[in-house]
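The values are calculated or read from the model by the stated rules, or taken from the named source; none is laboratory data. Computed from a predicted structure; not experimentally measured. FYI the Cβ positions are ideal-geometry reconstructions off the backbone, even for glycines, and counts take in every protein chain you see. The accessibility values were calculated without ligands, DNA or RNA, using every heavy atom of the protein model including side chains. Shrake-Rupley method; radii C 1.70, N 1.55, O 1.52, S 1.80 Å.
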Amino acid sequence: PKICAATISLMDKTFAMARQLGGALPVRDHRVLPKDRPPSTPDGADGADGSFVVSAACAAQVANLCLDRLNASMDQIVRGESATAEILCQYTVNLSFLGQVRAPLEEHAQLLAQISPSDMAAAKTKWWDFEDTCAKFATTSEVAQSLVTKSILGKIDELMSGGSSVDWTPEELSEEPHWFVSDTIHYLSVTFGPGSSLNLLPSAQTQLTYFSSCGRISDSIIELLCSPQVRGVNSLSIYSLSLDCKLLSEFARNSEVPDLSTAFARLTQLVALLSSGDLEGYLDSDSRMQKYMFVSPDDLVMVLSKYQQLEGSSRIFSTSNNQLTVLKDSDVRRTIAALK
C-alpha cells in the first residue's frame with residue numbers, strides 16, 4: 001500500500017511538472033489528437049503538447065519506469081546467494097501485492113487525463129497501461145516462492161553434512177540423537193515456527209516445503225550410510241539412529257501436517273528393520289510390503305555389508321541391554337546373499 005501511494009504521489013508531481021513545462025517531457029510516441037482531448041478543453045487551449053492527456057501520459061510513463069527499476073532491484077535480491085528463506089517469503093508476498101496495483105494506478109492516470117471511457121476506447125495507444133509492469137512483479141514473486149524450498153534444502157544439506165564427521169562404530173552407548181540431526185530439526189522448528197514468514201505463503205506451498213525438507217533429511221542419512229564416508233556401522237550407531245527417528249517423528253507430529261511422517265518412511269523403516277533384527281521378515285514378500293515397503297534392497301545390502309560386531313566390554317554391555325539388538329553374522333551374510 002505504501003509503494004502504491006508513493007507511486008500515485010509521484011504521478012501527481014510528474015503531471016504537475018509536465019503541465020508547468022507545457023508538456024515538454026518526452027512521451028515516446030504518444031501523440032494527442034483532437035478527439036483525444038477532454039471535452040472540457042477547447043481545441044488549442046493548451047496546445048497539443050500541453051494537453052491533459054500528454055501530461056498524464058508522462059506521469060504514467062515515469063511511474064512505469066520507476067516500478068520497473070524497483071522490480072529489477074527486488075529480482076536481484078531474490079536471486080542473490082544471501083537471500084534466506086525468510087527474505088524470500090517476505091518478498092514473495094510483497095511482490096504479489098505489487099502485482100495487483102495495476103487497477104488503482106490506471107484509474108489514477110485516467111483521472112489525471114480527464115478523459116471519458118469512450119475517449120479511452122477510441123485512443124490508439126493505451127498510454128495509461130500498467131499491465132506489463134505488474135506482470136513483471138507477479139513473475140518475480142513466483143521466482144521468489146520457488147526459491148524458498150531451494151533455500152531451505154540448501155541449509156538442510158549444510159547441516160546434515162556434519163554426519164560425515166560422526167563415529168559410526170562407537171564403543172559407548174549414547175542416549176541422545178545425533179547432533180547434526182538435532183541441529184537440523186531445530187532449524188526447521190524455527191523456520192516453520194508460529195512467527196515465521198513461511199506462514200504468509202499459500203498453505204499448499206508450505207506443506208510441499210515441509211515434505212521436501214523431511215524427505216531431504218531421510219535421504220541424506222541413508223545416502224551417507226551408503227557412501228564411502230561411512231566405513232562401518234554397529235548396534236550402537238543403529239540405536240542412535242533409532243533416537244534420530246524418534247526425534248523426526250516427533251517433529252512430524254508437532255507440525256500438524258497430515259501424513260508428514262511418511263516423508264521419513266525410507267529411513268524409519270530401514271532403522272526399524274535393523275533395530276528389530278527382522279531380516280527374515282524382510283525376505284518374506286508379504287511382510288516386506290506390510291512393514292518395509294520403502295526399504296530398498298540396495299540400501300539394506302549396502303548397510304549390512306558395513307555391519308560390524310562390537311568388541312570387548314561394548315559387546316558385554318550390548319548383551320545385557322535389552323534396548324540393543326545385535327545382528328548375527330550368519331543372518332547378515334544370508335540376507336545379503338538372498339538380495340544380491
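If you scan the range 152-179, which residues turn out to be outside any helix (DSSP H, G or I) and not aliphatic (A, V, I, L, M)? Quick ask: steps written out before the conclusion?
From the range 152-179, those outside any helix (DSSP H, G or I) are 166-178; that's our starting set.
Result: Asp167, Trp168, Thr169, Pro170, Glu171, Glu172, Ser174, Glu175, Glu176, Pro177, His178.
Here's a check for you: in the range 79-103, which residue that is among the charged types (D, E, K, R) and within 15 Å of Lys150 (Cα to Cα) is least open to solvent (accessible area, probe 1.4 Å)? Filtering the range 79-103 for residues that are among the charged types (D, E, K, R) and within 15 Å of Lys150 (Cα to Cα), the one least open to solvent (accessible area, probe 1.4 Å) comes out as Glu86. Flag: Ala63 matches the condition of being of a type in the set (Gly, Ala, Ser) and open to solvent by less than 20 Å² (accessible area, probe 1.4 Å).
List pairs: first residue in the range 284-298 and in contact (Cβ under 8 Å) with a residue 40 or more places away in the chain, second residue open to solvent by 80 Å² or more (accessible area, probe 1.4 Å) and among the hydrophobic types (A, V, I, L, M, F, W, C) anywhere in the structure, Cβ distance under 8 angstrom, at least six positions apart or on different chains. Final answer for the pair search is none. Considering only residues of the range 211-250 that are farther than 30 Å from Gln309 by Cβ and crowded, with 21+ Cβ neighbours inside 10 Å, which is nearest to the chain's Cα centre (by Cα)? Only one residue fits best here, namely Ser213. Asp278 - would you say it is of a type outside the set (A, V, I, L, M, F, W, C), more than 15 Å from Val326 (Cα to Cα) and modelled with pLDDT under 95? No, not satisfied. If you check Gly44, Gly23 for being modelled with pLDDT under 90, buried (at least 21 other Cβ atoms within 10 Å of the Cβ) and in a loop (DSSP other than H, G, I, E, B), only one passes: Gly23. Given the structure, is Gly162 free of Cβ contacts under 8 Å to residues at least 24 places away in the same chain and touching a Phe, Trp or Tyr at 6+ places or on another chain (Cβ under 8 Å)? In short, yes.
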